[in-house]
Amino acid sequence: MIRPMFGHRPKPKKFDLPLRYYDPEKDEKEKRKERIRFESKTRRHDRQGTKVLLYAALLFLVVWIISLL
């Protein structure tokens, strides 16, 4: 509280920004990773459809066997 009376002004805080350079090779690697992730998701979807079809077939067989008894 006494400092402003003697002409002291607060100084702005120093900020050091780390320098970042554009690396085209790193950008390409990130794009490839995104493509690989996208391809893996489509494979999971195909497997999921196969599992659903298999479960439906098994359910049909169980109902058919019960109806025969």
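Each value in this text was obtained by applying a stated rule to the coordinates, not by laboratory testing. Predicted model, so just to flag it, every value in this text is computed and none were measured. Here the Cβ is made from the backbone with ideal geometry for all residues, glycine too, and neighbour counts use every protein chain on show.
Taking the highest mean first, how do the peptides 20-29, 48-57, 7-16 order by number of other beta carbon atoms within 10 angstrom per residue?
Details: 20-29: 8.1, 48-57: 9.9, 7-16: 6.1.
Top of the packing list down: 48-57, 20-29, 7-16.
Each label point is 7 Å from the Cα along the Cα-to-Cβ direction; what then is the distance between the points at Arg20 and Leu61, in nm?
Distance between the two pseudo-spin positions: 5.6 nm.
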